[in-house]
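What follows is one structure encoded as structure tokens, with my remarks underneath.
The values are calculated or read from the model by the stated rules, or taken from the named source; none is laboratory data. Just so it is clear, the structure is predicted and the values come from calculations on it, not from any experiment. Note that we place each Cβ from the backbone using ideal geometry, even for glycine, and neighbour counts take in every protein chain shown. Surface accessibility is based on the protein's heavy atoms, side chains included, excluding ligands, DNA and RNA. Shrake-Rupley method; radii C 1.70, N 1.55, O 1.52, S 1.80 Å.
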Amino acid sequence: MASKVVSWLDERLGLVGIYGTVLDRKVPKVNWWFTLGSASLFLFTMQAITGIFLTIYYVPSPDHAYDSIQYIMTGVPFGWLIRGIHHWGATLMVIFVFAHMLRTFFFATYKYPRELTWLTGVVLLLCTLGMGFTGYLLPWNQKAYWATTVGTEIPGTIPVIGPFITSVLRGGPDLSGVTLARFFSVHIWVLPAVIGAMIFVHMYLLIRLGISAIPDKED
Ligand code: HEM
């Protein structure tokens, strides 16, 4: 019965072909350093899942943000666990994405024909850092408020356009409810959408080009 369902679906969707191309690919002999990309993908997935759960109780307004986080930590069953995974997952993701970039750099896999894999990776690294920056403000406690005050002050030192960038980031001269609303929106919509699209292209290129073998003496 199950095999009939699978072959019915396969005839229409080409599932076996997709499985063969995506998961049953030939890969060269590699080592543990080559697992860092998959670990980054796993962490991104965990961040997305735990983040969605957090939005059920989190309220992005200056009056309620702090209290809603306190409620997640003390009132919501396993809220502390979901927030803890999201909090530490964010730090781990930055470390793993950075380590993965170093791996691809030291194995020189940014060279022809993988230049676009590298460039999409650069966007992924910047967006990962952006997720950390925008997420840091959301608890709306003293540390979050003042860290973001300093963080948004830094681009203000760029000649000519600096003050404009600071005021766009803050949505005004100082941090306010507008800042919290735009950081929340960028954190849960804009950056995850860009990361999702870039991961899709990154994966497409990996499957199309295959991953590189470890260079040997001849190379
Ligand atoms: C969310 C972030 C990222 C995810 C989920 C991701 C995922 C992956 C995966 C699963 C692989 C194949 C396995 C491996 O080589 O580890 C890979 C390969 C690669 N990644 Fe990433 N990556 C990310 C960020 C980056 C960054 C920041 C760079 C560099 C700036 C980068 C450049 C590359 C390159 C050049 C390859 C090809 C490696 C080869 O063919 O040997 N990636 N990525």
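Note down the nm distance, to one decimal, between modelled labels 7 Å out along Cα→Cβ at Thr21 and at Val59.
4.8 nm
What size of dipole, in debye to the nearest 20, comes out for the chain about its Cα centre when the only charges are +1 on Lys and Arg C-beta atoms and -1 on Asp and Glu C-beta atoms?
Details: 14 positive and 11 negative charges, 79 e Å.
So the dipole magnitude of the chain works out to roughly 380 debye.
When the helix-only estimate is applied to the chain (DSSP H runs of n ≥ 4, each -39,500 (n - 2.57), divided by the residue count), what is the mean residue ellipticity at 222 nm, nearest 500 deg cm²/dmol?
Helix contribution divided over all residues of the chain: -23000 deg cm²/dmol.
Give me the angle, in degrees from 0 to 90, between the Cα long axis of helix 79-106 and the longest principal axis of the Cα atoms of the chain, rounded to the nearest 10.
60 degrees
Return one number: the angle in degrees, 0 to 90 and rounded to the nearest 10, between the long axis of the Cα atoms of helix 115-137 and the longest principal axis of the Cα atoms of the chain.
On a 0 to 90 degree scale, this one is about 30.
Work out the FRET efficiency for Ile158 and Leu102 from their Cβ-Cβ distance, taking R0 = 25 Å, and round it to the nearest 0.05.
So the FRET efficiency works out to roughly 0.35.
Please work out the FRET efficiency for the pair Lys29 and Trp118, using the Cβ-Cβ distance as r and a Förster radius of 22 Å; give the result to the nearest 0.05.
Efficiency at R0 = 22 Å is approximately 0.45.
Apply the a/c threshold of 1.5 to the C-alpha gyration tensor of region 1-125 and tell me whether it is rounded, prolate or oblate.
Oblate, because a/c is 1.5 or more while a/b does not exceed b/c.
Can you classify region 82-161 as rounded, prolate or oblate using the Cα gyration tensor, where a ≥ b ≥ c are the square roots of its eigenvalues, rounded means a/c under 1.5, and otherwise it's prolate if a/b beats b/c and oblate if not?
Oblate, since a/c reaches 1.5 and b/c is not below a/b.
Over the chain, what is the relative contact order in whole percent, taking alpha-carbon pairs under 8 Å and six or more residues apart?
It rounds to 25 percent for the chain.
Shape call for region 60-206 from the C-alpha gyration tensor, a ≥ b ≥ c root eigenvalues: rounded (a/c under 1.5), prolate (a/b greater than b/c) or oblate? Kindly include the intermediate steps, with their values, before the conclusion.
Details: a/c = 2.42, a/b = 1.39, b/c = 1.75.
Oblate.
If I stretch the segment between Lys143 and Ala181 completely, what's the gain in nm (0.36 nm per residue apart, minus their alpha carbon distance), one decimal?
In short, 11.9 nm is gained.
Could you report the chain's accessible area per residue, 1.4 Å probe, as an integer in Å²?
Working: 14420 Å² over 219 residues.
About 66 Å² of surface per residue is accessible.
In degrees, nearest 10, range 0 to 90: what is the angle between the Cα axis of helix 142-153 and the longest Cα principal axis of the chain?
That works out to roughly 80 degrees.
I'd like the carbon and sulfur percentage of the solvent accessible area for the chain, probe radius 1.4 Å, heavy atoms only, ligands and nucleic acids excluded.
Summing carbon and sulfur atoms, their accessible area is 73 percent of the total for the chain.
Between Phe42 and Ser7, what is the label-to-label distance in nm when each label sits 7 Å out along the Cα-to-Cβ direction?
Taking the simple label geometry, Phe42 and Ser7 are separated by 3.6 nm.
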